[in-house]
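Trainee: Would you mind keeping the following structure in view while I ask a few things?
Rule-based calculations on the coordinates, nothing more; no lab input. This one's a predicted model, so the numbers in the text were calculated from it and none came from an experiment. Positions of Cβ are generated from backbone atoms using ideal geometry, with glycine treated the same way; all protein chains shown enter the neighbour counts.
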Ligand code: ADP
Ligand code: MG
């Protein structure tokens, strides 16, 4: 047997013994160097790899060697930096097990777990279903389908289930793909006449996770193939979990029979997280980053954005990084500049709410605010309203003039620009803006 053949057999032996993640992480980047009757050298990218393989898999590799060669051999590791692959390369790599060409299982990102999924009012039903499926895959709800807007946690929850099941039983074959990947695999299989392999691959899954099934829309061939895959998996009680950005009956150009399959298990919508959940998510993400961020700051960021947790998380990380590079402490003053302009996208508000919050805040009545008097105590709040309505709500200066008791649009521009300038340099102004925004985001 030549050494490549030996290595391929070893891998074949190892694969079911380790999780897909570990398999890809540790073994796909290794190969055989020297191979004699008595000794085998495994080439790995660096010394860290060598150590890990030695401590974690020495016995397993030895067993595999004995199995494959029928001999006890000396096992040695040697580093060869050219072996190091980038993540993407690993993803794209196909692996040849002798004759059968099999796409490497798309690994589940281990970062998404049920443990680090924050449960709140917007997703508790989905979470409960997730737990039920982990307890009894394939039997309770099949398929389980999560639907909801972008960045509400659908993929996270689905992968969380996959990872939890894998933890309980690492032998299970879990396949995760997006609907586009399935489509690409299908197209590729047609081109290369490898339909049998494709079917073998997907239909052997114990758990099949398909992300964003709305993209099946209009793909007739793919839909047909997926329909049969679905039926096959369902008939052998393999658990399927799907996500979609909308309920199946609203997916355009999706065959009725697939719609009814998708709806035939349990469908749960995940909604945009409420304020408290957003704060809790930010708390958890900042802890993951090893940062302690005060509640005040978390609330401030949480109020700057309403629906998309991915963006919210991005904002948090961006803020933390920026503060770090500028050697600033995470105080409300320091983070305001990052939040400016976010209110509009985050808060569904109208000008009445802004006016009432500002009046409340400065303890004024509406008549004074919109009236003609020009005392200092009135001018500042008026300017703040102009600023917020213009910058955050995007209302035209003409309209703002009307709202504020028929003022000229140049007056509005002047007031708005004054606050804009002050908000960059004046701490008190920053504080006003933060607190007003906070109030705006918490009242509904
Ligand atoms: P979707 O698939 O719905 O577009 P994702 O699952 O990709 O959204 O979530 C976007 C980001 O928000 C991910 O980083 C995810 O970890 C995070 N996220 C979403 N919901 C939660 C939650 N409930 N707890 C913790 N993180 C969450
Ligand atoms: Mg997703």
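Trainee: Modelling each spin label as a point 7 Å along the Cα-to-Cβ direction, I'd like the residue 2/residue 413 distance in nm, to one decimal.
Mentor: Simple spin-label model gives 7.8 nm for this pair.
Trainee: Same structure again: Pairs of alpha-carbon atoms within less than 8 angstrom and 6+ residues apart define the contacts here; what relative contact order does the chain have, in percent?
Mentor: RCO, the chain: 12 percent.
Trainee: Please give the helix 351-362 orientation as an angle from the longest Cα principal axis of the chain, in degrees from 0 to 90, rounded to the nearest 10.
Mentor: Its long axis makes an angle of about 70 degrees.
Trainee: What number, in percent, do you get for the relative contact order of the range 35-84 if the mean sequence gap of Cα pairs under 8 Å and at least 6 apart is divided by its residue count?
Mentor: 60
Trainee: Between residue 367 and residue 139, what is the spin-label point distance in nm, taking each point 7 Å from the Cα along the Cα→C-beta axis?
Mentor: With each label point 7 Å from Cα toward Cβ, the separation is 7.2 nm.
Trainee: What's the extension gain from residue 351 to residue 255 if we count 0.36 nm per residue and subtract their Cα-Cα distance?
Mentor: Value of the extension gain: 30.1 nm.
Trainee: What does the convex hull of the Cα atoms come to per residue for the range 165-261, in Å³?
Mentor: 95
Trainee: Can I get the semi-axes of the range 261-302's equivalent ellipsoid? Compute them from the C-alpha gyration tensor as square roots of 5 times the eigenvalues, in angstrom, largest first.
Mentor: Semi-axes from the Cα gyration tensor: 32, 12, 5 Å.
Trainee: Could you tell me how many degrees, from 0 to 90 and to the nearest 10, lie between the Cα long axis of helix 3-14 and the main elongation axis, the longest principal axis, of the Cα atoms of the chain?
Mentor: Approximately 60 degrees, to the nearest 10.
Trainee: Helix-only estimate, please: 222 nm mean residue ellipticity of the chain, summing -39500 (n - 2.57) across DSSP H runs of length 4 or more and dividing by its residues, to the nearest 500.
Mentor: Here the helix-only value at 222 nm equals -16500 deg cm²/dmol.
Trainee: Let me ask another. Using the per-residue mean of other Cβ atoms lying within 10 Å as a proxy for protection, in what order, highest first, do the peptides 159-169, 144-154 fall?
Mentor: Ranked by mean Cβ neighbours within 10 Å, highest first: 144-154, 159-169.
Trainee: What number, in percent, do you get for the relative contact order of the range 116-203 if the mean sequence gap of Cα pairs under 8 Å and at least 6 apart is divided by its residue count?
Mentor: Rounded, it is 20 percent for the range 116-203.
Trainee: In addition: When averaged across all projection directions, what area in nm² does the alpha-carbon convex hull of the range 1-46 cover?
Mentor: Value for the range 1-46: 3.4 nm².
Trainee: Next question, about the same structure. Which order do peptides 299-310, 109-120, 245-256 fall in by mean Cβ count within 10 Å, highest first?
Mentor: 299-310, 109-120, 245-256
Trainee: Roughly how compact is the chain, stated as its Cα Rg over 2.2 N^0.38 Å to two decimals?
Mentor: Against the compact-globule rule of thumb, the ratio is 1.29.
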